[in-house]
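These notes concern the structure reproduced below.
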Amino acid sequence: MARLCSVFGVFKLALCLLLMVETGAAAELYSDQPLHAEPKASADVIGEAVHGKVVVVERRGFWVKIQSASLTGWTKLSHVYMKPAMTWMPPIDILRDTGRMAVGKE
C-alpha cells in the first residue's frame with residue numbers, strides 16, 4: 001500500500017509539471033527544425049522553422065504545434081525552449097508527499 005501511495009504521489013507531481021507548459025507563449029527554437037503536418041515523426045514535412053522566436057499554439061505529449069513566420073506545424077518539445085510559466089503553483093502537500101511520511105504506521 002505504501003508503494004502505491006508513493007507511485008501516486010510521483011504521478012501527481014508529474015501531472016502538475018506537465019500542466020505548466022503554456023500555450024500561446026513565446027518560445028525559441030534551439031535550431032532549424034522541420035515542421036510536420038501532424039504530431040508524429042512519420043507525418044508529412046510541410047516546411048522548416050528557422051532558429052529563433054516562435055509561438056506555441058498547442059501541445060500533445062512530447063510534441064508542440066508552433067507558429068514560425070507564416071508556417072504552423074508540429075515539432076518535438078525537446079527542440080523548443082520555453083521560459084517556465086508559473087501561473088499556477090500546486091499545493092505544497094502534493095510536492096512534499098513522496099510516500100515516506102509513515103502515515104498509518106504506529
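The values are calculated or read from the model by the stated rules, or taken from the named source; none is laboratory data. In this text, all values refer to a predicted model and were calculated from it rather than measured experimentally. All Cβ positions, even for glycine, are placed from backbone atoms using ideal geometry, and neighbour counts span all protein chains on display.
Each residue in region 35-58 was checked for being touching a strand residue (DSSP E or B) at 6+ places or on another chain (Cβ under 7 Å) and under 14 Å from LEU77 (Cβ atoms), and 8 pass. Of all residues in region 13-48, those satisfying the criterion of being modelled with pLDDT of 55 or more, outside any loop (DSSP other than H, G, I, E, B) and among the aliphatic types (A, V, I, L, M) are ALA26, ALA27, LEU29, LEU35, VAL45, ILE46. Restricting attention to region 78-106, the residues that are at pLDDT 80 or above and surrounded by fewer than 16 Cβ atoms within 10 Å (Cβ to Cβ) total 2.
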